[in-house]
């Protein structure tokens, strides 16, 4: 545990700084001990930090795999070639990406444009509305090692799970209660659908997360709570729309 010295006044200031409502669930878990609640809050952040690296490399893998297929079929400026066929939201993202590059006085080239797109942008390319335009004749080829059976819906559902978790981490939401080891296994598995070698590399560089995750029993013991290992059994029941 850190050696930071808490006083009652310091605890009150920290609770105000991070918000009473935000720390409430951690405080409940800690049996009302605000000191421990803050350490659990830090642990939650450490878990997110540990998952950021595999998330980052997964997003790069997906982005480049999709971009390679789209470029192969439609050329470097595929986002211009297909612009009129895209949904309004994607059109706005393309225009916003170009505007941002122009503000920064940077060249509007493909690597710079696609770097502006979020993970959600790439996942949205697997929506039903793009089945004919993008999936059937292009993006399905991005998955060189897919499971059997495999479909656009399978890919969309798998990527949606990863996107939802990524957003929770990015928005500093609680994730400590999830079966994060299963979440990581899922991410690595889906990465393997695209490139098994890259998936193995990502798996081999997750030591930061695994170190933080190993503290689970220690912290839950201090909080007088049972281990959340049984949560993994409910993993498939998670509502991925939340």
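A few notes on this one:
- Choice from 164, 222, 125 with maximal GNM fluctuation in the chain (Cα, 10 Å cutoff): 222
- Helix-only mean residue ellipticity at 222 nm for the chain, each DSSP H run of n ≥ 4 adding -39500 (n - 2.57), per residue, nearest 500: -19500 deg cm²/dmol
- Residue of 92, 25, 106 that the Gaussian network model of the chain assigns the largest fluctuation, springs spanning Cα pairs under 10 Å: 106
- Helix 8-18 and the longest principal axis of the Cα set of the chain meet at an angle near 20°.
- Here the chain yields Rg over Rh of 1.04, to two decimals, using C-alpha coordinates and the Kirkwood radius.
- Sequence-distant contacts, meaning Cα pairs under 8 Å at least 6 residues apart, place the relative contact order of the chain at 27 percent.
- Förster-model FRET efficiency, 41 Å R0, residue 112 and residue 173, C-beta, rounded to 0.05: 0.85
- Sorting 151, 7 by the number of Cβ atoms found within 10 Å of their own Cβ, with the fewest placed first, yields 7, 151.
- In plain terms, the residue of 198, 118 with the fewest other Cβ atoms within 10 Å comes first and the most crowded comes last, giving 118, 198.
- Just checking the listed ones, 119, 38, 187: in the Gaussian network model of the chain with Cα springs under 10 Å, the one fluctuating most is 38.
- The chain: angle of helix 180-194 to the longest principal axis, Cα-based, in degrees nearest 10: 10
- Footprinting exposure proxy for 89, 46 (fewest neighbouring C-beta atoms within 10 Å first): 89, 46
All of the numbers you see were taken from the coordinates with simple rules; none came from a lab. None of the values given here were measured: they were computed from a predicted structure. Cβ sites come from the backbone with ideal geometry, for glycine too, and all protein chains shown count toward neighbours.
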